[in-house]
Amino acid sequence: MFGSRTSIAFVSAAVLLGGPVLAAVPAWAQTPADFYRGRIINVLIGTSVGGEYDLHARLTARYIGKYIPGNPTIVPQNMTGGGGAKMGAYLAEVAPHDGTSIGMMANNFPAMQAAGVDLIRFDLGKFQWIGSISPTVETMTVWKSAGVSTFAQAQQKEIIAGATGKGAITYSFPAMLNEFLGTKFKIVSGYPGGNDINLAMERGEVQARNNTWSSWKVTKPEWLKNGDIKVLIYAGPKQKDLADVPVASDLARDEDSRRIIDLIVSGTKLGRPLATNGGVPDDRVAALRAAFDQTMKDLDFLKEAEQARIEVDPVRGVDMQKVVADVLATPKNLAARAKSLIE
């Protein structure tokens, strides 16, 4: 109470003397514009430069500043380690909880937390989710030499699938299909990245891999055009250009299996998600979310996204908040069954 009276007295004196009053306004009375004016917002990216997460983060960072009240400077920077977990822990435990730090989060982190994976030692339920350029669609795709062209055939024949390593979606997606939908993928892991798996398919070392549908369309449109690859199954929002391909959760044998599949692929609903940490004042969270929504309509942003062949179908922060809450509320007995596939 004393501090409030002192601030009021100081402001009154400043007014009488004709002096400025801005510096005397307590922090809790600042508008988002007052707070952000002249500040820097760090956009932390948990992956290396050049990947889909990095591209989405940097594209958004180039435009969002003009829609945040006070027009702060936006500085993207990469902080790799633990598949993005190092950055997530920094955002949760070290970065200021004032709306000046935003993280580009790995979309499988909520599922990993729900399943009790040790890598995730911070609570994603406390984060404030801001938005994503679009949801993702995960596919399981075979090379033309695999000798299969339908998912039903993949349930009858062993197919060698390339993957980066356990915990990565390139491993967990085919492992999930084996566990719950009866496929026979033999998973060979240890490839440094997706491009290496692509080369392995061309060389005949492996016959299949997981990849996002958007990545296929951007990185290998000639493979799709020439029929070099065939999508057997996918997870995520329904796709008109995959109308003849089954959706993984639709093939679940029972309700428990469906819920576990939905947990493992829950990151598709989040896309490449941006979030700030907990404890940020509500009005600043609202300002960041509104700025993201406006950025998604910016004509220059849309033009650059089109040039980069990035599909824009925004996921709003308030909707992402519910997705994360639902994932974290997965019954523990079901989440435990997913742990071995995603850790």
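The values are calculated or read from the model by the stated rules, or taken from the named source; none is laboratory data. All of these numbers come straight from a predicted model, not from anything done at the bench. Note that each Cβ is placed from the backbone with ideal geometry, even for glycine, and that neighbours are counted across all protein chains shown.
Go through the range 90-104 and report how many residues are of a type in the set (A, V, I, L, M) and more than 17 Å from the chain's Cα centre (by Cα).
Result for the range 90-104: 2.
Show the residue pairs that are 6+ apart or on different chains and have beta-carbon atoms under 6 Å apart, the first residue being within the range 318-343 and among the small types (Gly, Ala, Ser), the second being part of a helix (DSSP H, G or I).
Ala335/Ala114; Ala338/Ile260; Ala338/Leu263; Ala338/Ile264
Mind checking which pairs have a first residue in the range 68-79 that is over 19 Å from Asp298 (Cα atoms) and a second that is part of a loop (DSSP other than H, G, I, E, B) and modelled with pLDDT under 95, Cβ under 9 Å, 6 or more apart or different chains?
Between residues of the range 68-79 that are over 19 Å from Asp298 (Cα atoms) and residues that are part of a loop (DSSP other than H, G, I, E, B) and modelled with pLDDT under 95, the close pairs are Asn78/Gly46; Asn78/Thr47; Asn78/Ser48; Asn78/Val49; Met79/Gly46.
For the range 180-240, which fully contained helices (runs of 4 or more DSSP H) count at least 1 residues that are in the same structural domain as Gly165 (by TED's automatic domain parsing) and within 22 Å of the chain's Cα centre (by Cα)?
Helices (runs of 4 or more DSSP H) meeting the threshold: 194-203, 213-219.
Could you tell me which residue of the range 162-174 is nearest to Asp262 (Cα to Cα), considering only residues that are at pLDDT 95 or above and either assigned to a helix (DSSP H, G or I) or of a type in the set (Phe, Trp, Tyr) (or both)?
Only one residue tops the list, namely Phe173.
Let's see how each residue does on (1) hydrophobic (A, V, I, L, M, F, W, C); (2) out of contact with any His (no Cβ under 6 Å at 6 or more places or on another chain); (3) buried (at least 20 other Cβ atoms within 10 Å of the Cβ):
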{"position": "Thr276", "(1), (2), (3)": "no, yes, yes"}
{"position": "Gly279", "(1), (2), (3)": "no, no, no"}
{"position": "Lys303", "(1), (2), (3)": "no, yes, no"}
{"position": "Glu306", "(1), (2), (3)": "no, yes, no"}
{"position": "Ile310", "(1), (2), (3)": "yes, yes, no"}
{"position": "Gln321", "(1), (2), (3)": "no, yes, no"}
{"position": "Val324", "(1), (2), (3)": "yes, yes, yes"}
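Only one of these is under 17 Å from the mean Cα position of the chain (by Cα) and not hydroxyl-bearing (Ser, Thr, Tyr): Lys322, Lys303, Lys332, Lys339. Name it.
Lys322
Sort through Gly38, Gly88 and tell me the only one that's modelled with pLDDT of 90 or more and touching a helix residue (DSSP H, G or I) at 6+ places or on another chain (Cβ under 8 Å).
Gly88
How many residues does the range 217-235 contain that are closer than 21 Å to Ala168 by Cα and at pLDDT 95 or above?
Looking only at that region, the number is 5.
Could you tell me whether any residue of the range 140-154 is polar (S, T, N, Q), in a loop (DSSP other than H, G, I, E, B) and outside the structural domain of Gly83 (by TED's automatic domain parsing)?
Scanning the range 140-154 turns up at least one residue that is polar (S, T, N, Q), in a loop (DSSP other than H, G, I, E, B) and outside the structural domain of Gly83 (by TED's automatic domain parsing).
Restricting the range 78-128 to residues that are β-branched (Val, Ile, Thr) and outside any strand (DSSP E or B), which is surrounded by the fewest Cβ atoms within 10 Å (Cβ to Cβ)?
Of everything passing the filter in the range 78-128, Val94 is surrounded by the fewest Cβ atoms within 10 Å (Cβ to Cβ).
Only one of (1) surrounded by 18 or more Cβ atoms within 10 Å (Cβ to Cβ); (2) hydrophobic (A, V, I, L, M, F, W, C); (3) in contact (Cβ under 8 Å) with a residue 24 or more places away in the chain is not met by Trp223, so which one is it?
With (1) surrounded by 18 or more Cβ atoms within 10 Å (Cβ to Cβ); (2) hydrophobic (A, V, I, L, M, F, W, C); (3) in contact (Cβ under 8 Å) with a residue 24 or more places away in the chain applied to Trp223, the lone miss is (3).
Could you list, ordered by first residue, the pairs with Cβ atoms under 6 Å in which the first is in the range 254-270 and free of Cβ contacts under 8 Å to residues at least 12 places away in the same chain and outside the structural domain of Asp326 (by TED's automatic domain parsing) and the second is surrounded by fewer than 23 Cβ atoms within 10 Å (Cβ to Cβ) and assigned to a helix (DSSP H, G or I), at least 6 apart or interchain?
Here the result reads Arg258/Ser249, each pair linking the range 254-270 to a residue that is surrounded by fewer than 23 Cβ atoms within 10 Å (Cβ to Cβ) and assigned to a helix (DSSP H, G or I).
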